[in-house]
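J.: I am attaching a structure below and will ask some questions about it afterwards.
The values are calculated or read from the model by the stated rules, or taken from the named source; none is laboratory data. Not measured: the values here are computed from a predicted model. Virtual Cβ from ideal backbone geometry, glycine too; neighbours counted across all protein chains shown.
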């Protein structure tokens, strides 16, 4: 859903995101930090040179050119941290909701007696807390 | 033979007493029948107009088994008190009529109970189905079959006029007449169902309750195959000339159906289309009229009956928990029900003919028979085999793998009854292969 | 408790593997082989046997598979410690080993199919063990590509039916005489190519690296992928010369492509996977050139060092918090010295450094290959791929072990996991010594190699050249120009495995769109229209028409009845 346009994006933000993406792309290519810094400075220079352009037609042209350049030099294997979206380990494990434990079989629950006793205790405490805060619940449980 | 008939008749009062007793007795009946096993090339257990050869034996065994499992599968009807007495009576009646169909030696009795077995199925669909569309689905089921079966009745009268007997044993009329061929066989093609006249099947499957789907996929489709086995000896000459048309239609159809399977977002619809696709293979193998084709068709019929019925059970188990059959909601189930996930896998791979299942034996034999028939069928067979793997794995991985739908707020654990249901499907499916050659004895 | 399961299977498998090794020694010495046949199905002259063929080859292979799997099970008791479903994982690996056994033991087409199908399915389940989308896609790609092989095997089964038996091993030379054999063997070739990921089907192997690393180590480097090679070895006497040429070309291309692709790859596991691919290509091309025992020799040795390579990679990945991009790594040799030593030994063995195990097989293959009378194209590609192997190995070494540390500062990298190190340590002894041992066992008589000095030394030159290039590619400086960016099209083409993944992934568009058309225009269109809805409509229409007639026009109604009577009078005979 992140790709859907949800509102108007100002020119400044377009430039900013282009700059950020360009830096990320440089990071993919130049994997030594000092080298990357050097090219990042060069990239900054390219952006700074055009910072004072006030003619929107020219600026727009420049942005579209920049985006095209970004696309044509996209790395085939972008550098991603494993747990961030697109990384190798993203979403490897599905965190189960807490209520799953309530549906365990009694025999399974009996294997961890202390934990479940504590859990029941916590539930009661939570209900008490909730009722203290919002008043006693009226609806029928379902 | 009579003992089974009488047992079923006298079980009727039990319908109004206890659900589980009836279930127990049906299993008892199936086991009694299984212990009666007798390998013989010819008919045995002859009494009055009934008798069993190995073909009828295995079909009766399948229908008894599936009927007993139907009761086990639809315990929800009992729990909700949803007219379960009538439901049980319906199943018993269905079982009775299927027994009569498969064990009768007379073509007309066969025809009569072939039609009668539609009625309880129809009631199952319109009585215990879920959506309002079940009425139209029931009509589809009834009228597709009826439209094609009335010509068969005329054909039967014609046979009686010419042969003066309607015993299957004496059906030696060898008439090279296309119209006669169509009259007799069309109803079986509809029942199988062949591609182009299969429309009733997905509709009926989707709208039927779990028991209806099980019996439809498990036994009703096999009625067509059984009938073809019986009547094909009248069409040996004619079959050589025109069977290739139906082989082609059903082979191409089975590839098309498996492509359509990949489009489905409804689990039950997917399974229904996959059974059309498998039945297409059975039909084409059967129509080659060679030994391996006959053998393979019977084996695949049995295997598919157990396997798709098991898949419907699995779909129903998810349905009872999530109240949806949509693939978009039934996902990531492995996180909730890891044990069930294994059963999904086992049944899905049986559906794509992985070892060791009856489906594998059946498909290998059918592929052999069809390639002997013509090398050109190889293209369609390869595509069919590949795409059957595609949709089976698609079904498995889509329902089991990944993130679960965020709309789930509760689920209930899989009960022992449901595991038993699946095990009882799976054991015959995967253990009969070790003695697969008995299914060739009757030919 | 789970540790206990791992330990039980570890000890059981290693025990079994040792025994099988002894049996294979016995079989080599006594030059015997044992065939046991079970009748599965029998109908007149149509018999399906379950064949168990015990010769030195199958027992040796089995002992290696069992050994590696026992190590991997031991290893995963630490690597997968935090997993919720580790017991499922272990059982799946055991099932995998069982189906591998079935595949190895029976050179009967039908009973091979049993193991073959099982391999594909279980490797599928292992690939989708993790719950993310990458593994979902990779799993389906793997399973469906392997399914193509299964289908090919099914088709060849039915084609074999003409010859009356599926016990191909005993009749293969005879089959070769038949002219119809071509198609059958092409199907066998396709089946082997899908399992061993040769060129039209090679996209699944790097994708399957989404599996947990122990799986990659056991399944996707040493056992499953060699099943195809093993099938080809068993069939090698049956192939005609032309088929062999086709196999040679495809496998050479695979070897070259994957060697080249590994130089452009940044994913640690994918680099190793591509190197596996290139070694598989080498095995198959050796086989296609006619020396199947050399191919088998390389298969065994490769299984050892590649499994260990993956295990080391897994250990590194584990320490880097699942990070497997080599741009994040560097300087690992200082942090994880023992693992780096293991890794380097394996890598050098892969390159064929003298007296490590890989040397014995690779050197033999190359030199006996040079003895052949081959054309220039084959010769150059083969040698270039050898150089490329060295090149990507050294690039990987430089990137991972010798350059500056590149990971986040908050880390705890070190040789801490005892169990993993132990299991790797047992394997490393075999990686070092198995080359000599096996070469004495398999080739009791030394091979005769007679080459001019230049040809003899050529491979050494290529290796040094490869080392140089590999070190150069990993270097970087401010004044350097990034050539891979400058020649963007070429480098992305090479890194994407010559667009093979794109081809095999875009294939799924056609069946899906055809299926959609079929569904909307046949099942919900024409068939509905001409089958049921139109029929209902026309019946309704005509019955309404007759109703109209009988209601209002008595004369017409009577006329129709009279016509009907006449019809009966004249028609009935």
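J.: Would you say residue C:491 is within 14 Å of another protein chain (Cβ to nearest Cβ), under 33 Å from the mean Cα position of the chain (by Cα) and either touching a residue at least 12 places away in the same chain (Cβ under 8 Å) or surrounded by 16 or more Cβ atoms within 10 Å (Cβ to Cβ) (or both)? I'd like the intermediate steps shown before the answer.
T.: Numbers: within 14 Å of another protein chain (Cβ to nearest Cβ): yes; under 33 Å from the mean Cα position of the chain (by Cα): yes; either touching a residue at least 12 places away in the same chain (Cβ under 8 Å) or surrounded by 16 or more Cβ atoms within 10 Å (Cβ to Cβ) (or both): yes.
Yes, satisfied.
J.: Tell me, yes or no, whether the stretch B:19-36 has at least one residue that is touching a strand residue (DSSP E or B) at 6+ places or on another chain (Cβ under 6 Å) and outside any helix (DSSP H, G or I). Even if it seems obvious, please write down each step before you answer.
T.: Filtering the stretch B:19-36 down to residues touching a strand residue (DSSP E or B) at 6+ places or on another chain (Cβ under 6 Å) leaves none.
The answer is no, given that none of the residues of the stretch B:19-36 is touching a strand residue (DSSP E or B) at 6+ places or on another chain (Cβ under 6 Å) and outside any helix (DSSP H, G or I).
Table: residues versus (1) within 24 Å of residue B:175 (Cβ to Cβ); (2) outside any helix (DSSP H, G or I); (3) under 17 Å from the mean Cα position of the chain (by Cα); (4) within 14 Å of chain C (Cβ to nearest Cβ).
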position: B:205; (1), (2), (3), (4): no, no, yes, yes
position: B:211; (1), (2), (3), (4): no, no, yes, no
position: B:217; (1), (2), (3), (4): no, no, yes, no
position: B:225; (1), (2), (3), (4): yes, no, yes, no
position: B:229; (1), (2), (3), (4): yes, no, yes, no
position: B:233; (1), (2), (3), (4): yes, no, no, no
position: B:240; (1), (2), (3), (4): yes, no, no, no
position: B:249; (1), (2), (3), (4): yes, no, no, yes
position: B:252; (1), (2), (3), (4): no, no, no, yes
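J.: Taking residue C:127 as meeting all but one of (1) more than 7 Å from every other protein chain (Cβ to nearest Cβ); (2) over 13 Å from the mean Cα position of the chain (by Cα), write down the number of the exception.
T.: (2)
J.: If you don't mind, another one. From (1) in contact (Cβ under 8 Å) with a residue 60 or more places away in the chain; (2) farther than 30 Å from residue B:247 by Cα; (3) more than 10 Å from chain C (Cβ to nearest Cβ), pick out the condition that doesn't hold for residue B:416.
T.: With (1) in contact (Cβ under 8 Å) with a residue 60 or more places away in the chain; (2) farther than 30 Å from residue B:247 by Cα; (3) more than 10 Å from chain C (Cβ to nearest Cβ) applied to residue B:416, the lone miss is (1).
Each row is one residue, and each column tells you yes or no for (1) without any contact (Cβ under 8 Å) to a residue 40 or more places away in the chain; (2) exposed (fewer than 13 other Cβ atoms within 10 Å of the Cβ).
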{"site": "B:13", "(1), (2)": "yes, yes"}
{"site": "B:30", "(1), (2)": "yes, no"}
{"site": "B:40", "(1), (2)": "no, no"}
{"site": "B:44", "(1), (2)": "yes, no"}
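J.: Based on this model, can you work out whether residue C:254 counts as touching a residue at least 40 places away in the same chain (Cβ under 8 Å), touching a helix residue (DSSP H, G or I) at 6+ places or on another chain (Cβ under 7 Å) and closer than 26 Å to residue C:108 by Cβ? Before you say what the answer is, go through the steps one by one.
T.: Values: touching a residue at least 40 places away in the same chain (Cβ under 8 Å): yes; touching a helix residue (DSSP H, G or I) at 6+ places or on another chain (Cβ under 7 Å): yes; closer than 26 Å to residue C:108 by Cβ: no.
Answer is no for this residue.
J.: Which numbered condition trips up residue C:142, out of (1) at negative phi; (2) away from chain A (no Cβ under 14 Å); (3) at pLDDT below 90?
T.: (3)
J.: Kindly list, by first and then second residue, each pair from a residue in the stretch C:494-505 that is at the interface with another protein chain (Cβ under 10 Å from one of its Cβ atoms) and closer than 15 Å to residue C:141 by Cβ to a residue that is at pLDDT below 90 and assigned to a helix (DSSP H, G or I), limited to pairs with Cβ atoms under 7 Å and residues at least 6 apart or on different chains.
T.: What qualifies is C:496/C:502.
J.: Given the conditions (1) in a helix (DSSP H, G or I); (2) touching a strand residue (DSSP E or B) at 6+ places or on another chain (Cβ under 8 Å); (3) closer than 30 Å to residue B:431 by Cα, and given that residue C:9 satisfies all but one, which numbered condition is not satisfied?
T.: Here residue C:9 meets the rest and fails (2).
J.: Let me ask another. With touching a helix residue (DSSP H, G or I) at 6+ places or on another chain (Cβ under 9 Å), loosely packed, with under 12 Cβ neighbours inside 10 Å, on the phi < 0 side of the Ramachandran plot and at pLDDT below 90 as the only criterion, which of A:84, A:137 stands out? Talk me through it step by step, then tell me what you get.
T.: Numbers: A:84 fails: touching a helix residue (DSSP H, G or I) at 6+ places or on another chain (Cβ under 9 Å).
Every option except A:137 fails the conditions.
J.: For the stretch A:117-125, does any single residue satisfy the condition of being more than 20 Å from residue C:85 (Cβ to Cβ), touching a residue at least 40 places away in the same chain (Cβ under 8 Å), away from chain C (no Cβ under 14 Å) and not in a loop (DSSP other than H, G, I, E, B)? Talk me through it step by step, then tell me what you get.
T.: Taking the stretch A:117-125 as the starting set, the residues that turn out to be more than 20 Å from residue C:85 (Cβ to Cβ) are A:117-125.
After this cut, where a residue has to be touching a residue at least 40 places away in the same chain (Cβ under 8 Å) as well, the list is none.
Within the stretch A:117-125 (the criterion being more than 20 Å from residue C:85 (Cβ to Cβ), touching a residue at least 40 places away in the same chain (Cβ under 8 Å), away from chain C (no Cβ under 14 Å) and not in a loop (DSSP other than H, G, I, E, B)), the answer is no, since none of the residues qualifies.
J.: Within the stretch C:71-81, is even one residue closer than 30 Å to residue C:125 by Cβ, outside any helix (DSSP H, G or I) and touching a strand residue (DSSP E or B) at 6+ places or on another chain (Cβ under 6 Å)?
T.: Filtering the stretch C:71-81 for residues closer than 30 Å to residue C:125 by Cβ gives C:71-81.
So of that shortlist, the ones also outside any helix (DSSP H, G or I) come out as C:80-81.
Remaining after also requiring touching a strand residue (DSSP E or B) at 6+ places or on another chain (Cβ under 6 Å): none.
Within the stretch C:71-81 (the criterion being closer than 30 Å to residue C:125 by Cβ, outside any helix (DSSP H, G or I) and touching a strand residue (DSSP E or B) at 6+ places or on another chain (Cβ under 6 Å)), the answer is no, since none of the residues qualifies.
J.: Also: Out of curiosity, is residue B:310 part of a helix (DSSP H, G or I), in contact (Cβ under 8 Å) with a residue 24 or more places away in the chain, more than 14 Å from chain A (Cβ to nearest Cβ) and over 27 Å from residue C:126 (Cβ atoms)?
T.: no
J.: Moving on to the next point. Mind listing whichever residues of the stretch A:92-104 are crowded, with 16+ Cβ neighbours inside 10 Å and either more than 12 Å from residue B:332 (Cα to Cα) or more than 7 Å from chain C (Cβ to nearest Cβ) (or both)? Can you show your working first?
T.: Within the stretch A:92-104, the first condition is being crowded, with 16+ Cβ neighbours inside 10 Å, and the residues that meet it are A:92, A:94.
If the condition is that a residue be crowded, with 16+ Cβ neighbours inside 10 Å and either more than 12 Å from residue B:332 (Cα to Cα) or more than 7 Å from chain C (Cβ to nearest Cβ) (or both), then A:92 is the only one that fits.
J.: I need the full set of residues from the stretch C:101-117 which are touching a residue at least 60 places away in the same chain (Cβ under 8 Å) and away from chain B (no Cβ under 14 Å), in order please.
T.: The answer is C:104, C:107.
J.: While we're here: Can you tell me which residues in the stretch A:4-24 are in a helix (DSSP H, G or I) and either without any contact (Cβ under 8 Å) to a residue 24 or more places away in the chain or within 19 Å of residue C:328 (Cβ to Cβ) (or both)? If you could, list the steps in order and put the result at the bottom.
T.: Filtering the stretch A:4-24 for residues in a helix (DSSP H, G or I) gives A:11-24.
Of everything in the stretch A:4-24, those that are in a helix (DSSP H, G or I) and either without any contact (Cβ under 8 Å) to a residue 24 or more places away in the chain or within 19 Å of residue C:328 (Cβ to Cβ) (or both) turn out to be A:12, A:13, A:16, A:17, A:20, A:23, A:24.
J.: Got a sec? Which of B:59, B:70 is under 19 Å from residue B:421 (Cα atoms) and crowded, with 23+ Cβ neighbours inside 10 Å? Let's see the steps before the verdict.
T.: Values: B:59 fails: under 19 Å from residue B:421 (Cα atoms).
Result of the check over B:59, B:70: B:70.
J.: Here's another thing I want to ask about it. Tell me, please, whether a residue that is touching a strand residue (DSSP E or B) at 6+ places or on another chain (Cβ under 9 Å) and at the interface with another protein chain (Cβ under 7 Å from one of its Cβ atoms) can be found in the stretch B:344-365.
T.: Looking through the stretch B:344-365, at least one residue is touching a strand residue (DSSP E or B) at 6+ places or on another chain (Cβ under 9 Å) and at the interface with another protein chain (Cβ under 7 Å from one of its Cβ atoms).
J.: Would you say residue C:474 is buried (at least 16 other Cβ atoms within 10 Å of the Cβ), touching a helix residue (DSSP H, G or I) at 6+ places or on another chain (Cβ under 8 Å) and either at pLDDT below 85 or closer than 30 Å to residue C:371 by Cα (or both)?
T.: For residue C:474, the condition - buried (at least 16 other Cβ atoms within 10 Å of the Cβ), touching a helix residue (DSSP H, G or I) at 6+ places or on another chain (Cβ under 8 Å) and either at pLDDT below 85 or closer than 30 Å to residue C:371 by Cα (or both) - is met.
J.: Determine which member of the set B:436, B:402 is within 8 Å of chain C (Cβ to nearest Cβ) and closer than 26 Å to residue C:139 by Cα. Spell out the reasoning first.
T.: Working: B:436 fails: closer than 26 Å to residue C:139 by Cα.
Every option except B:402 fails the conditions.
J.: Might you let me know whether the stretch B:423-431 holds any residue that is touching a residue at least 12 places away in the same chain (Cβ under 8 Å), closer than 23 Å to residue B:246 by Cα and surrounded by fewer than 22 Cβ atoms within 10 Å (Cβ to Cβ)?
T.: no
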